[in-house]
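Worksheet: one structure, shown below.
Read-outs throughout are calculated quantities, based only on the coordinates presented, and are distinct from any laboratory measurement. Small disclaimer: the values here were computed from a predicted structure and weren't measured. Note that each Cβ is placed from the backbone with ideal geometry, even for glycine, and that neighbours are counted across all protein chains shown.
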Amino acid sequence: MVYVLLRRAPIAVVLSGLLLSLAGCGEDEDPLTVRGTVDVTLDGTRTGFEFATDTHIDDDRVAPADGRVAGHCTLSKSADGETSVISVGIVRPTVSAEDTGVRSFVIRVDDPREPARGAVTAELGADTFTATATDAGCTIEVTYLDVDGGAVGLRSECAITSGTKTASSVSELELSGCSQTY
């Protein structure tokens with residue numbers, strides 16, 4: 001259950017966050033777990049998240065203030081019982097005002113039957129970068145979906161923009177313990 005934060009930060013900050021996150025593992029009965037990577041490159045600098053194994057992350061609606069990574073995974077059903085919206089996000093606390101690493105990363109799929117409908121958003125420092133699946137250079141794919149089991153796999157590759165800035169974003173994530181709303 002180890003994750004690596006890829007960003008501009010002193011190694012002591014990264015290691016202290018890692019130790020704090022490991023201390024909180026295994027507390028929930030049905031925890032949200034994530035495996036995979038998020039890579040965002042801006043001006044030649046790569047940042048993101050790497051979860052090499054299934055890693056428990058806390059709910060980002062009640063994220064601890066102790067430096068741990070948090071997130072959410074929600075599978076929403078429409079009136080006809082079909083999954084209509086998938087929302088997955090990963091967030092981490094900002095270390096300092098100079099911190100330009102990925103602060104949050106969210107993928108939203110508006111209809112898993114039509115993965116071209118969705119969006120990717122990433123916060124890098126003070127800037128919010130976005131792209132929709134209908135933008136040229138952006139693909140979002142649902143690699144698997146188990147609504148009853150609360151699991152989803154997502155892959156995205158997008159050119160995300162904030163004003164005149166453009167970053168490249170590539171992600172491949174598998175999550176379990178997703179909440180379901182009806």
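Put simply, the amide H of Gln180, placed in the peptide plane, has neighbours under 5 Å in Leu75, leaving out anything fewer than 5 places away on its chain. Rounded to whole numbers, the Karplus 3J(HN,Hα) couplings from phi for region 139-146 are 10, 10, 10, 8, 7, 7, 8, 10 Hz, using 6.51 cos²θ - 1.76 cosθ + 1.60 with θ = phi - 60°, and x at Gly and Pro. Report note on the peptides 41-47, 122-128: ranked by the mean count of other C-beta atoms within 10 Å, highest first, their order is 122-128, 41-47.
Each residue of region 157-174 was assigned a 3J(HN,Hα) from its phi angle through the Karplus expression (A = 6.51, B = -1.76, C = 1.60, θ = phi - 60°), giving 8, 9, 8, 9, 10, 9, x, 9, 8, 10, 10, 9, 10, 10, 9, 9, 10, 10 Hz with x at Gly and Pro. Between Arg117 and Ala52, the modelled labels are 4.0 nm apart [label points 7 Å from Cα along Cα→Cβ].
In terms of packing, defined here as the mean over residues of other Cβ atoms within 10 angstrom, the peptides 76-89, 149-162 line up highest first as 149-162, 76-89.
Taken over region 46-182, the alpha-carbon convex hull comes to 113 cubic angstrom per residue.
Amide H contacts of Ser84 (H built 1.01 Å from N, in plane; Pro and chain starts excluded): Ser76, Lys77, Ser78 sit under 5 Å, all sequence-distant by 5 or more or on other chains. Taken one residue at a time, the phi angles of region 83-92 give Karplus couplings (6.51, -1.76, 1.60, θ = phi - 60°) of 5, 10, 9, 10, 10, 10, x, 10, 10, 9 Hz. Gly and Pro are set to x.
A cut-off of 5 Å between modelled amide H atoms, ignoring neighbours fewer than 5 places along the same chain, links Gly118 with Asp110, Ala133, Thr134.
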